[in-house]
Amino acid sequence: MWLKLIKSLTLALVLSLLSACGAGSTATVPTAVPEPTAIPTAIPAPTAAAAPTAAPAPTTAPVAEPAPTSAVLTPILPATVTNYQGETVVVESIDRIVSLTGDITEIIFALGMGDYVVGVDSSATYPAEKTKALPNIGYQRRLNAEGILALNPTLVIGDEAAGPPEVLAQIRSAGVPVALVADPPTMDSPMQKILFVARALGIPERGYELAGQVEAEIARVRADAATLPRPPRVLFLYLRGTDVQQVAGANTAIDAMITAAGGVNAATEAGIVNYAPLSAEVVIATQPDVILVLTKGLESVGGVDGLLQIPGLADTPAGQQRRVIDFDDLYLLGMGPRTGQALADLVAAFKDSVAQTGGS
């Protein structure tokens, strides 16, 4: 329903822009961006989506490439979008796009507009063969204006994680439109981001098509998740060796994914909001049936054997049965075109876990 409403409003805007295209436009862009959130985001990870596994070694099952576009796309420009702060950004050219975040890069390619991308950040790992061949501008939260401007972009685009703010301000002051979309920790996020990017690139119709596909896929998987005999208790760990070990509670993308897949986020149930340090007290309070991690994180602690050396984890129901599931960072947390696929894999893993514990 909300997709149809957005579609109607955007078509009216496109007609208005077409009638005024002879007069030209001047870009008006945001003047300030808030500090990036402190919630960890995905950092470079293996390019193939890791399938659920209970073995120490992460799996690397391939994931389908984004579906090809149904027709040759002709962008309608200038295009106007409203960024996540409510400010207007006018895009007059998409000839040279620099994408600031991995999720947005993946969306651009899924929309069939990857040939316009001239630079990506280090969290852009999909599609692998395309992103590896592009100039790298650094990590999305620690960007450098000089490196971005050296690519002569006509559009810089990302989500609200991009920063720091002073770098974005410097890019704007150079006359380059900077379009940043909200990235809410909900299952609506993929569709919202797809529609925003499609509008910014002047191809709103393709955005409706892709967003509709993703929305339908998520709906099908959620219906399947509802057939689980019982919801497994899941503890998500964000790990980067011994330096960073955190759990994710409410108000996070992984909380939305766990819930949509038919699980119970044990950290949320324990009262944790956002991310919090992993501790023995947290482990005792959560007692998970399943431990969910990112593949890079699992590698950083030495696989499942190393993971179970973290105090308390070996004594949980998940630890005792070595029920550890790992996924590629961007695949699980990207909230993009592959979210329905990732959710389906998560449901399958939860079904296996429930079966191992005797169903209901």
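I'd like to check something: does region 112-124 contain any residue that is under 15 Å from Pro204 (Cα atoms) and either of a type in the set (A, V, I, L, M, F, W, C) or open to solvent by 10 Å² or more (accessible area, probe 1.4 Å) (or both)? For region 112-124, residues under 15 Å from Pro204 (Cα atoms) and either of a type in the set (A, V, I, L, M, F, W, C) or open to solvent by 10 Å² or more (accessible area, probe 1.4 Å) (or both): present.
Could you tell me whether region 139-146 includes any residue that is more than 27 Å from Leu73 (Cα to Cα), buried (at least 17 other Cβ atoms within 10 Å of the Cβ) and over 22 Å from the mean Cα position of the chain (by Cα)? The answer is yes, given that some residue of region 139-146 is more than 27 Å from Leu73 (Cα to Cα), buried (at least 17 other Cβ atoms within 10 Å of the Cβ) and over 22 Å from the mean Cα position of the chain (by Cα). Which of the residues belonging to region 86-99 are assigned to a loop (DSSP other than H, G, I, E, B), touching a residue at least 60 places away in the same chain (Cβ under 8 Å) and out of contact with any helix residue (DSSP H, G or I) (no Cβ under 8 Å at 6 or more places or on another chain)? Glu92, Ser93, listed by residue number.
Find the residue count for region 121-168, including only residues that are part of a strand (DSSP E or B) and within 22 Å of Pro184 (Cα to Cα).
Here is the first cut: in region 121-168, the ones part of a strand (DSSP E or B) are 136, 155-159.
Going one step further and asking which of them are within 22 Å of Pro184 (Cα to Cα), we end up with 156-159.
Qualifying residue count for the region: 4.
Screening Val247 against (1) without any contact (Cβ under 8 Å) to a residue 40 or more places away in the chain; (2) open to solvent by 10 Å² or more (accessible area, probe 1.4 Å); (3) within 20 Å of the chain's Cα centre (by Cα) leaves a single unmet condition, (2).
Among the residues of region 250-275, the ones that are hydrophobic (A, V, I, L, M, F, W, C) and over 20 Å from the mean Cα position of the chain (by Cα) come to 5 in all. Tallying residues that are surrounded by fewer than 21 Cβ atoms within 10 Å (Cβ to Cβ) and at pLDDT 95 or above within region 87-108 yields 6.
From the list Ala219, Ala223, Ala260, Ala266, which one is under 19 Å from Val354 (Cβ atoms), of a type in the set (Gly, Ala, Ser) and free of Cβ contacts under 8 Å to residues at least 12 places away in the same chain?
The unique qualifying residue is Ala223.
Looking across region 154-181 at every residue that is more than 23 Å from the chain's Cα centre (by Cα) and in contact (Cβ under 8 Å) with a residue 24 or more places away in the chain, the one that is surrounded by the fewest Cβ atoms within 10 Å (Cβ to Cβ) is identified as Gly175.
Contact annotation: residue pairs with Cβ atoms under 9 Å, 6 or more positions apart or on different chains, pairing a residue in region 107-121 that is among the aromatic types (Phe, Trp, Tyr) with a partner that is at pLDDT 95 or above and assigned to a strand (DSSP E or B), are Phe109/Val117; Tyr116/Ile97; Tyr116/Leu155. Taken over region 171-218, the criterion of being under 24 Å from Asn152 (Cβ atoms), assigned to a helix (DSSP H, G or I) and not polar (S, T, N, Q) is satisfied by Ile171, Arg172, Phe196, Val197, Ala198, Arg199, Ala200.
The values are calculated or read from the model by the stated rules, or taken from the named source; none is laboratory data. Nothing here was measured: the structure is a model prediction, and the numbers come from that model. Virtual Cβ from ideal backbone geometry, glycine too; neighbours counted across all protein chains shown. Only protein heavy atoms, including side chains, enter the accessible area calculation; ligands, DNA and RNA are left aside. Shrake-Rupley method; radii C 1.70, N 1.55, O 1.52, S 1.80 Å.
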